[in-house]
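Data block below; observations after.
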Amino acid sequence: MNSECRRRFFPALLSLLLVAVFSLAGCTNAEKAKAEHLSKGEAYLKDNRYQEASIEFRNALQIDDSLAAAHWGLARSYEGLTRFQEAFEEMKRVVELDPNNLEARIKLGNYYLGAGKGRSELIAEAEKLATDVLQKDPNNIEGHILYGSVLFAKGQKDEALAELNKAVSLDPKRIESYLSLARFYQVIADTAKAEETFKQAISINPNSPLAHTEYGKFLAQSNRIPEAEAELNKAVEVDPKNRNSRFVLASFYLVNKQLDKAEESYKALAAMEPDKPEGQAMLADFYASVNRLDEAASTYQAILAKTPDYSHGRYRLGEILLMKGDTQGAMAQIDEVLKKDQHDRQALMLRARLRTQTGQADNLKAAVEDLKEVLRQEPDSRPGLYFMAQANYALGLVDQARAFAGDLERRYPDYLPAKLMQVQINLASGDPKAAVSAASELLDRLDKTPPDRDNTPQLLTEIKQKAFLTRGTAYGQLKNYRAAEKDFLAARDVSPNSTEVYASLAALARAEKRQQDAIVFYENALAIDSTYTPALGGLIDIYAEQKDLSRAHARLDQVLNQNPNKAPLHYLKAQIYGFEKNSQGAEAELRKTLELDPNYLPAYSALGALFINTDQKDRAIAEYRKVLEMRPDNSTAYTLIGMLEDSRQNHAAAAENYRKALEKDPNSVIAANNLAWLYAVQRDLNGNLDEAVRLAQGVVQKNPNVASFIDTLGWIYYHKGLHAAAVDQLQKAVSVDEAAARKANLSPSPSYRYHLGMALKAKGDRPAARRELELALRLGEKVNFADAGEARKALSEL
């Protein structure tokens, strides 16, 4: 080889060698990284640190998405986190990638069976997996148990029993097979045979903690409490190091209200591995479940001081601080988690819960955005659907809340939060009797439900509190004030630091004209949160009713002096000036509110209302335009602008704004009603009577007891020439209006009588028409009756 060739050849060879070396190094490093992530993930799984395990397995999959072992680890992590839909998806991926992972096939088959419930296609999938396992390993015991379950799901009870007995015969000393057989007998309600099988398992291995534990659960379910306690203690006695047996015993004591024994058992569980956070976390959760929140919080704080990366601990501490009313501390825990992963679902869910508890519209909307991200990642998330329903319910969007609650009920019919949503929706739908019944059933179930990873103590406490509050509110609507008070006090016992409970007690006291008691309850709420605006607002209303506005100023100034930069407080100050008819003072405070928080929408609305009351419609419209600059989807602002334009006879502009309101929110009934009216009485607009009828009918269907809406529909029928239908609707409007007027000690509307008289005249019923028009004119003497001239003219024609 000549020198020129060597000069060309050796650099090329060197380059190839370098590429090969670096490629091999890259492969080696990638393989090493995957192995490290898998090893760490498995270690976390062993310690039940499912969140941390899931992160490690996901890291491995970012390197190699076809790594079956990582998908398998992730599936088990998701199971531990009760994210079952994702566990199911990961198991399907494992089955695709690893034909030899029979355990994954068995687990996946059980998932299909769990979701089957009569769905033949899912049972067929489970049968395929069971058959596949048994073809690969004819003596696979769990394979035979799965196949037996498939046969039972297909209604072949005898064949299922034979298959389970086959599993037992393959290893007559395997305890788990007997337990599966015992559960089969439980399902078919043969309790005697079930108990016989449990005892058989124990006779085969008297030192099996699993056998004693499962038999103890059976006895507890049979309400044989002393025997259950003895059996569960026996499970701990035969294997003092078995964590599951100790946990079941502790849960048994908790459910049966033997709290001293429960605490002793949870402490023993924590002492088993004092340097690991999981046992200590169980003790903390016990304290939380019995409302010893300070001890729960301090236990989690101690855990996190030792193990700052324990994500589950931060979630739980955040929940507990939220229960204590320490929203700032709860948000600090959420922020710590989101710093590491801004899409962390549990942190987003907790932040949404925190925002929902404030009750403020902006926070509720922000909560909805958090929950959208949660449901984007996990569409079937049970808590995600529940809190989304709650947030929409708090926003007053009952139809949206009902939709999410319906999804929850369909997918998880036994999920307790779904039951709560149904209670709340019954109440919102105007059925307090159904709300009382459903709430009573829910509270009974809550008393029998132990906390677990899915139903945390805080979630169960929150559901119980809301169930008592909702039932109390329903009793209040039924005028059963003593039952309402009893429920509100029960809610207070459940959550002594809940400002909402005291606000409910105050509202009840006000309904009974017990103003001094209401003041005490509002002050109780303010002792928990000195800036709690519902309580401050309630106090201001009471002092305004008592014509003691100087006291209202003094109470609010006391809080403002300590919190001068809180926008809602200045908003309340503006309300006091409003009661005093001090428009200058009110405007100044509303401007201060917006200076502190330019996004505080109620202040813009209040400014608009102030300008309307002082006949400054241009300025009012300008304020509502500012609302739309920040919230282009705010249908209320469009509706208010439409009403202002309507009052200025700018009918085209009014109609345009009503249409925009309906584009943003099709359920905006005021916009729909007013637009229908304009289409009927202003024929030059781009609408017609058919469209007016459609809009008005939709409004009345949703609000059948609002006189003004019924009147709109009747008047449209009149303009359309449907006089009989018009009379029918207008008579309803008059009836509803009179009932409301009597209740409020006011005079009925002359306009509704006038409309009815005109419809009767057009129908040809002259005596009835005369009667209604004369009554309209008499009623109109007390108010500004704009149609008085038309009524006199019509009367002269009769």
Taking segment 444-481 on its own, how many of its residues are under 26 Å from LEU81 (Cα atoms), surrounded by fewer than 20 Cβ atoms within 10 Å (Cβ to Cβ) and out of contact with any Ser or Thr (no Cβ under 9 Å at 6 or more places or on another chain)? 6
What number of residues within segment 422-449 are under 13 Å from LEU478 (Cβ atoms) and assigned to a helix (DSSP H, G or I)? 9
Open to solvent by less than 30 Å² (accessible area, probe 1.4 Å) and closer than 21 Å to THR356 by Cβ: is that true of ALA484 in this structure? no
Kindly establish whether ASN165 is over 27 Å from ARG410 (Cα atoms), open to solvent by 60 Å² or more (accessible area, probe 1.4 Å) and not in a helix (DSSP H, G or I). no
Looking only at residues that are part of a helix (DSSP H, G or I) and of a type in the set (Asp, Glu) in segment 312-370, which one is modelled with the lowest pLDDT? ASP362
Residue check, PHE152 among the hydrophobic types (A, V, I, L, M, F, W, C), open to solvent by 30 Å² or more (accessible area, probe 1.4 Å) and under 24 Å from ARG382 (Cα atoms): no
For PRO748, all conditions in the list (1) at pLDDT 85 or above; (2) part of a helix (DSSP H, G or I); (3) not hydroxyl-bearing (Ser, Thr, Tyr) hold save one; what is the number of the exception? (2)
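So that you can scan it fast, the table gives a plain yes or no per residue for (1) under 24 Å from GLU691 (Cα atoms); (2) open to solvent by less than 30 Å² (accessible area, probe 1.4 Å); (3) in contact with a Cys (Cβ under 7 Å, 6 or more places away or on another chain):
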position	(1), (2), (3)
TYR718	yes, no, no
GLY721	yes, no, no
GLU738	no, no, no
LYS743	no, no, no
SER751	yes, no, no
LYS761	no, no, no
ARG770	no, no, no
LEU773	no, yes, no
LYS782	no, no, no
Criterion first (surrounded by 22 or more Cβ atoms within 10 Å (Cβ to Cβ), free of Cβ contacts under 8 Å to residues at least 40 places away in the same chain, within 30 Å of LEU254 (Cβ to Cβ) and of a type in the set (A, V, I, L, M, F, W, C)) does ALA491 satisfy it? yes
Considering only residues that are acidic (Asp, Glu) and either part of a helix (DSSP H, G or I) or under 34 Å from the mean Cα position of the chain (by Cα) (or both), look in segment 557-614 and name the one that is nearest to ASP362 (Cα to Cα). ASP597
Segment 457-488, subset in contact (Cβ under 8 Å) with a residue 24 or more places away in the chain and among the polar types (S, T, N, Q), residue farthest from ALA525 (Cα to Cα): GLN477
Picking from TYR543, TYR522, the residue that is open to solvent by less than 30 Å² (accessible area, probe 1.4 Å), in contact with a Pro (Cβ under 9 Å, 6 or more places away or on another chain), under 23 Å from GLU580 (Cβ atoms) and outside any loop (DSSP other than H, G, I, E, B) would be TYR522
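The values are calculated or read from the model by the stated rules, or taken from the named source; none is laboratory data. Note that the coordinates shown come from a computational prediction; the quantities given were computed from them, not determined experimentally. Here Cβ is always computed from backbone atoms with ideal geometry, including for glycine, and neighbour counts include all displayed protein chains. Remember, those area values only see protein heavy atoms, side chains included, never the ligands or the DNA or RNA. Shrake-Rupley method; radii C 1.70, N 1.55, O 1.52, S 1.80 Å.
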